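Every number here is computed from the coordinates shown, using simple stated rules; none is lab data. Predicted model only: the values in this text are computed from it and were never measured. Cβ placement follows ideal geometry from the backbone for every residue including glycine, while neighbour counts extend to all protein chains displayed.
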DNA sequence: GTCTATATGAGGATAGAC
DNA sequence: GTCTATCCTCATATAGAC
């Protein structure tokens, strides 16, 4: 890796944290520069504007998590649709926590980005939505999911629960990321109520 | 209601929309003033600063939804803990959608507010958390919820799914708010998977 | 690649009339 | 209560040296 790439990475990591904590407009380039340990104008060697910075942060966030979800699911045979769903849920939780700064920044800022930025990012978002939609549809067609559920609603409730975890989860001895992921998949798939009887 | 109160309400409604769409720092007082149909300096007759405005929006948001949840749950006997939980979930969904501008603004901006504002608002947040925690604990003690679940994790996953709905749900003939609420309670309580067999 | 120095525009807040 | 006019601070972005 070239030195330039390392600096670029440092800037992005710093930007993710600052954007998450302060929001887009309130984040000053000098905050990002300080965290990345260089001077403000040096940022412009790597990025052409503050908007380009946030756009890269948001794009990386989604791509990383989704990439891991896709590859994890690919390892499970298609004839185990419920197991595929479980793996997807747990992979999503684990990976989004792994770069939680980026995930949380995306969660908070995406909806506030100017329309042109949102438009470019929505391409990936649709791809993600389509992938989860297929996972759910395949499971429902196989009779593994209740037939009377609206899967687009389920998908959004599900992703809401998972994505929101970056807002509150902090790794601890009591609750590992894997425990969190397991709780998520169990709640969504089996529910929290004890089956009657 | 005095005229002053009406204007105050118009300003708050306008502020919720603008803050939600642009974030705190990027929202200009002139945007809020235009939406509320007055001039920028007139805002200062009703509020002493931009920060006071956001703080009132955030406080109102949580109080309204939580107030409705509490009063809805109070109508259900304590010996039906699962039913109480279901009612709480559905009340939370319905009421948070009812003033969706405020809810979405809170969802996006709370974590970005300066520490002193967050601190003051956390009092109510803890109250809300405690209430949901008791709902879950009572149900678990009554044997209605799986004994091996960490209820604080369940609570946060659950509220994440519900709160995130203000980001994506739009009322339609196909899916009423009540349908959304039902889907949420069913997913959380019973899960989406068909019981085996 | 990173720096110092600076131009420039914008928005929160106040003064004071009506 | 709401207005017009204005102050003053501050942050993005650029110029240009090293």
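Across region B:28-56, what is the number of residues that are more than 14 Å from chain A (Cβ to nearest Cβ), in a helix (DSSP H, G or I) and within 13 Å of DNA strand D (Cβ to nearest atom)? It would help to see each step written out before you state the result.
Going residue by residue through region B:28-56, those that are more than 14 Å from chain A (Cβ to nearest Cβ) are B:30, B:32-49, B:52-53, B:55-56.
Applying the additional criterion that residues be in a helix (DSSP H, G or I) yields B:30, B:32-36, B:40-46, B:52-53, B:55-56.
Restricting the remaining residues to those that are within 13 Å of DNA strand D (Cβ to nearest atom) gives B:30, B:32-36, B:40-46.
Count: 13.
Starting from residues that are within 15 Å of residue A:108 (Cα to Cα) and free of Cβ contacts under 8 Å to residues at least 12 places away in the same chain, keep the ones in region B:9-27 and report whichever is farthest from DNA strand D (Cβ to nearest atom).
B:21
Would you mind stating whether residue B:128 is closer than 19 Å to residue A:162 by Cβ and surrounded by 15 or more Cβ atoms within 10 Å (Cβ to Cβ)?
No: the conditions fail for residue B:128.
Can you tell me which condition residue B:25 does not meet? The list is (1) away from chain A (no Cβ under 14 Å); (2) within 16 Å of DNA strand C (Cβ to nearest atom); (3) outside any helix (DSSP H, G or I), and all the others hold.
Single failed check for residue B:25: (1).
Of the residues in region A:163-184, how many are more than 10 Å from chain B (Cβ to nearest Cβ) and part of a helix (DSSP H, G or I)? Working first, answer last.
We begin by selecting, within region A:163-184, every residue more than 10 Å from chain B (Cβ to nearest Cβ); these are A:170-173, A:176-178, A:181.
Retained after the next criterion (residues that are part of a helix (DSSP H, G or I)): A:177-178, A:181.
Result for region A:163-184: 3.
Do we have residue A:130 as closer than 19 Å to residue A:67 by Cα and more than 10 Å from chain B (Cβ to nearest Cβ) here?
yes
Quick check on region B:133-162: of everything there that is in contact with a strand residue (DSSP E or B) (Cβ under 7 Å, 6 or more places away or on another chain) and either at the interface with chain A (Cβ under 7 Å from one of its Cβ atoms) or not in a helix (DSSP H, G or I) (or both), which residue is surrounded by the most Cβ atoms within 10 Å (Cβ to Cβ)?
First, pick out the residues of region B:133-162 that are in contact with a strand residue (DSSP E or B) (Cβ under 7 Å, 6 or more places away or on another chain): B:136, B:139, B:144-145.
From what is left, the residues that are either at the interface with chain A (Cβ under 7 Å from one of its Cβ atoms) or not in a helix (DSSP H, G or I) (or both) are B:144-145.
Details: B:144: 20, B:145: 24.
Once the filter is applied, the top-ranked residue is B:145.
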